[in-house]
Each structure stands twice: as structure tokens, then as C-alpha cells.
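Participant: Below you'll find the structure I mean.
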Amino acid sequence: MSWQRFTDEYASGGTIRLGSWSVAPARQDLVECRATIAIADRIMSCSAVAAGPLGAMTSILYDLGAPVQILRLHQREIDGAIATFLLCENNGRQAWAFGEGSTGDEANIAALVSGANRLLGPAAA
């Protein structure tokens, strides 16, 4: 499988799109994640407090009706970028997803959004 075909398959776009996100320290060693997310034609500003950015984004997706559970996480550096591979689950259905970024957090968030799209998008039905 070519790299392009791999990313087309496992980092697929979908109805859930992340516009921007930021992370700031919160109380008791937690972080607050703020995100602008588009679902289809709706654009929303969301936030959640959790132990880390991935937990916060998982909470945001749950609140938006796109719950995804992470079963496995693998991460490595590829050509100077960080790549994250997630095995995600929703209602007993599992799918691998891929995301990349300049940091581990960016790659994790991209992979989580890809996982939500793979499991909950029209092609998942």
C-alpha cells in the first residue's frame, strides 16, 4: 500500500473537522482544551478539562455525540513528524486511525478525529 493510499484510508476526512485547538493548564494538574470543531455545516466552540489533551478531546467528542474509546495507541517519529496510530471503538465496532503532527499531542488529536470519522461517518454505516 502506498503512503498516499494509507493516509487516505486511515487519516480520512469526514463530517467532523477540527478547525483549531489549544491547551492551557487548569487546576490540580489538569489541562483545559478549547477547540473549534465543524460537524457537517455546524461550527462550534467547545472546551473540556481532563488529565491531558487526548482525554479532553475525547470528552469534547463525547459531548458532541461522537463517542470514541481508545483501545491502543502507538506513536513514532516519521520523517521529522510525529505519527500516532489509534485503535478506536464505538458500540463494539473497531477501526484503526492515523494522525500526524509536529508534537505528540497534535498527532494524537488528529488521529482521534480520524477515528471518530472512520467509526461514525457515513462510510461506517
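Participant: May I ask you to verify whether Ile37 is surrounded by 14 or more Cβ atoms within 10 Å (Cβ to Cβ), farther than 14 Å from Asn108 by Cα and in contact with a Gly (Cβ under 7 Å, 6 or more places away or on another chain)?
Facilitator: yes
Participant: Could you give every pair whose Cβ atoms fall below 8 Å, whose first residue belongs to the range 67-85 and is over 21 Å from Gly121 (Cβ atoms) and free of Cβ contacts under 8 Å to residues at least 40 places away in the same chain, and whose second residue is surrounded by 13 or more Cβ atoms within 10 Å (Cβ to Cβ) and among the charged types (D, E, K, R), counting only separations of at least 6 or pairs across chains?
Facilitator: Filtered contacts from the range 67-85: Ile78/Glu100; Ala81/Glu100; Ile82/Glu100; Ile82/Glu106; Ala83/Glu100.
Participant: Is the range 52-65 home to any residue that is part of a strand (DSSP E or B) and within 19 Å of Gly121 (Cα to Cα)?
Facilitator: No, because not a single residue in the range 52-65 is part of a strand (DSSP E or B) and within 19 Å of Gly121 (Cα to Cα).
Participant: Considering the range 32-85 alone, what residues qualify as being of a type in the set (Phe, Trp, Tyr) and farther than 16 Å from Asn117 by Cβ?
Facilitator: Result: no residue meets the conditions.
Participant: Output the number of residues of the range 83-115 satisfying the condition of being over 14 Å from the mean Cα position of the chain (by Cα) and either hydrophobic (A, V, I, L, M, F, W, C) or open to solvent by less than 90 Å² (accessible area, probe 1.4 Å) (or both).
Facilitator: Residues meeting the conditions: 2.
The values are calculated or read from the model by the stated rules, or taken from the named source; none is laboratory data. Since the structure is predicted, the reported quantities are computational estimates derived from the model, not experimental observations. Note that we place each Cβ from the backbone using ideal geometry, even for glycine, and neighbour counts take in every protein chain shown. Ligands, DNA and RNA are excluded from the accessible area calculation, which covers all protein heavy atoms including side chains. Shrake-Rupley method; radii C 1.70, N 1.55, O 1.52, S 1.80 Å.
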